[in-house]
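Data block below; observations after.
The values are calculated or read from the model by the stated rules, or taken from the named source; none is laboratory data. The structure presented is a predicted model; accordingly, all values stated were derived computationally and were not measured. Because the Cβ atoms are built from the backbone with ideal geometry, glycine has one as well, and the counts that use them run over all protein chains shown.
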Amino acid sequence: MQTYLKIVLTSILLIILQHVTRVVYLLGFHKHVYNHEPGPCKYMDGIEFGSEDIATLPDGKAFITSGIVMPTSSSLFRQVYAEKKAKGQIFFFDFKSSESGVAPLTIQGDFNASDFYPHGIDYWQDKTSGKVFIFVVNHRRQFDAVEKFEFVPSDKSLKHVRSYVDPAIYFINDVAVTGENSFYFTNFQSSRSQTWAALEIYLMLQLGSISYFDGKHYETVAEGYMLPNGLALSLDKRHLYMASTLIGAIRVFRREENAGQLTFVQEVKLNTSPDNPTINPLTGHLLVGAQPIIIKTAHTLENPRLPSPAQVLHFEVNDDGTLSKIKEPYLNDGSVLWSSSVASLYDNKMLIGTVVHKLLLCEVRAF
Ligand SMILES: *[C@@H]1O[C@H](CO)[C@@H](O)[C@H](O)[C@H]1NC(C)=O
């Protein structure tokens, strides 16, 4: 009996030890980064508290979310947010006139701008009318929603069209739009509660999922992921890319004809924490903003005055949707840019966005 007990206790201890070792390893304490950039880079004036996600149209117009507050954000985070007079906004940038810089878009219509904490973003362009619709993840104070806006180019504003609110949308991160009224979204964690969300991370529970709204119904189409983060659709919209933070992977899915159904195609392991993937609208290749030392990003998210490293990875997208030839156009130790969450490459210019820091524009000469 005693031997039996010893075996059981030793096994439990080993399992705990293995789990703790894995978490410590994934947090990246042992990692170091060396700086490099693809050409000269400069900050875009006007963005001081985040440029978490970027949606870039084929004509070079880009929409940038700024001023995120997560339901799980710490009280210190909220204090710094208030001190810096940060607020939820969508910024506009045109790659074809980059010297004009970025400017916030005004929002019209029946929309509560003081309950706007934007996170993931994507767009839909109607082929016949040319109208552009912007879909944005919003962590409202009471619940999460997807907000739909119409871009009004004449006065550079966004007209609020509708809010998607449903029990299927509980703690979401990003959207990938497939039509004027249909989209994929990731449920990042199973609960907006701070305690439960932290426990979910430390126990490494795989409670995240991808869901689809087809215009009428919400359906979970892939589940069992840990912290499923950003989404991107291939240029032909036949493949979906999902970044998994912490475990450090990008998953590739093929979209089936039948509504939003997904078939798993490939997993690319990265040894870094990818945040938002984007597709270069001119080449169809994929970029991802990443956080190479996730424990330092955790510090920045706890206290947005603390720096953390930034990284951008570039992947070639093959004809069958799979990813290959990983390159690293940008890496910084936090002396310039903190916790990059997204990058968008258009011609020879690249925007690099961050969770709670600035926005960088780099000339891309070589990488
Ligand atoms: C707007 O949102 C804020 C924050 O949640 C809330 O206090 C306020 O009552 C809302 N205003 C309206 C008109 O709903």
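Data table
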{"item": "Only one of P304, P281 that is modelled with pLDDT of 95 or more, farther than 18 Å from N348 by Cα and outside any strand (DSSP E or B)", "result": "P304"}
{"item": "Lone qualifier among L199, L203, L227 - being in contact with a Leu (Cβ under 9 Å, 6 or more places away or on another chain), hydrophobic (A, V, I, L, M, F, W, C) and surrounded by fewer than 20 Cβ atoms within 10 Å (Cβ to Cβ)", "result": "L199"}
{"item": "Residue count for the range 126-146, restricted to those that are within 16 Å of the ligand (Cβ to nearest atom) and in contact with a helix residue (DSSP H, G or I) (Cβ under 9 Å, 6 or more places away or on another chain)", "result": "4"}
{"item": "Positions within the range 80-125 being among the acidic types (D, E), within 16 Å of the ligand (Cβ to nearest atom) and over 24 Å from F171 (Cβ atoms), in sequence order", "result": "D110"}
{"item": "Pick from the range 43-96, criterion in contact (Cβ under 8 Å) with a residue 40 or more places away in the chain and in a helix (DSSP H, G or I), ranking: farthest from N348 (Cα to Cα)", "result": "L76"}
{"item": "Residues satisfying the stated conditions in the range 308-332, i.e. crowded, with 18+ Cβ neighbours inside 10 Å and assigned to a loop (DSSP other than H, G, I, E, B)", "result": "S308, P309, G321"}
{"item": "Residue list for the range 147-161, restricted to those being more than 16 Å from the ligand (Cβ to nearest atom), of a type outside the set (A, V, I, L, M, F, W, C) and in a strand (DSSP E or B)", "result": "K148, E150, S157, K159"}
